[in-house]
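Visitor: Handing you a structure now.
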Amino acid sequence: MGLVNTKASASVPSVWVTIFKAARKSPVPYYVTEVRQDMVKNFSEFLRPLYKKSCPFPTRPIRDMIFDQGEGPGTVIHRESWNGILDKTSMIIPTRKKNNFSRCPAAPTGLYKERLCISAAKYKDLQVL
């Protein structure tokens, strides 16, 4: 991302495609795939059975958060002051089974079933672009 010109003026996705392709020449330009509506998946529903509905600790006074894979998946280490004690909290709903993903569907479903509708005014504005 350090190679991409973020100050470039782009108002439509096709212009961003050309900006990303121009960002690197050597060894080869970036390969850019434009996102289609069928590529967008509903990960919220897919992962909902695994995680708690709300954060189990108050997030407002948090001064320090650590996400360490060595502590186990879904574990957050946090403290409320700069020199306070470190607390560990699990964000994953505990189960008796070893495989937590057995509660999830096989794959995330598409987020959209059909094309999204836009207003006539927005369509006219897009035609001007």
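Visitor: Can you pull out the trypsin sites (Lys or Arg not before Pro) in the stretch 12-97 that DSSP calls coil and that have at most 14 other Cβ atoms within 10 Å?
Guide: 24, 25, 36, 52, 53, 63, 96, 97
Visitor: What's the angle, to the nearest 10 degrees (0 to 90), between helix 13-22's Cα axis and the longest principal axis of the chain?
Guide: With rounding to tens, the tilt is 80 degrees.
Visitor: Per residue of the chain, what 222 nm ellipticity follows from adding -39500 (n - 2.57) for every DSSP H run with n ≥ 4, rounded to the nearest 500?
Guide: Using -39500 (n - 2.57) per qualifying helix, the result is -5000 deg cm²/dmol.
Visitor: Now for a different question. Evaluate the charge dipole of the chain about its Cα centre and quote only its size in Debye, nearest 20, assuming +1 on the Cβ of each Lys and Arg and -1 on the Cβ of each Asp and Glu.
Guide: For this selection, approximately 240 debye.
Visitor: For a quick check of your reading of the filter: which chymotrypsin sites (Phe, Trp or Tyr not before Pro) in the stretch 27-129 sit in a DSSP loop and have no more than 16 other Cβ atoms within 10 Å?
Guide: Sites meeting the loop and neighbour criteria: 30, 31, 67, 82, 112.
Visitor: I need the P(r) histogram for the chain: all alpha carbon pairs, bin width 10 Å from 0 out to the longest distance, whole percents.
Guide: Reading upward from the zero bin: 9, 21, 21, 28, 19, 2.
Visitor: Hey, another quick one. Counting other Cβ atoms within 10 Å of each Cβ, which GluC sites (Glu not before Pro) in the stretch 1-76 have at most 11 and sit in a DSSP loop?
Guide: Hits after loop and neighbour filter: 34.
Visitor: Check the chain and count each lysine pair with an alpha-carbon distance under 26 angstrom, considering only pairs eight or more places apart or from different chains.
Guide: 19
Visitor: Right, something else. List every residue whose amide H lies under 5 Å from the amide H of residue 55, counting only residues 5 or more places away in sequence or on a different chain, with H placed 1.01 Å from N in the peptide plane.
Guide: none
Visitor: Just the number, please: Stokes-Einstein D of the stretch 1-40 in µm²/s, Kirkwood Rh from C-alpha pairs, 10 °C, 1.306 mPa s.
Guide: Estimated diffusion coefficient is 143 µm²/s.
Visitor: Something else: Placing +1 on the Cβ of each Lys and Arg and -1 on the Cβ of each Asp and Glu in the stretch 42-102, which of 49, 66, 90 has its Cα farthest towards the positive end of the resulting dipole?
Guide: 49
Readers should treat all values here as calculations from the given coordinates under stated rules, not as data from a laboratory. Just so it is clear, the model here is predicted, and its values are computed rather than measured. Counting neighbours? That spans all protein chains shown, and the Cβs are built from the backbone with ideal geometry, glycine included.
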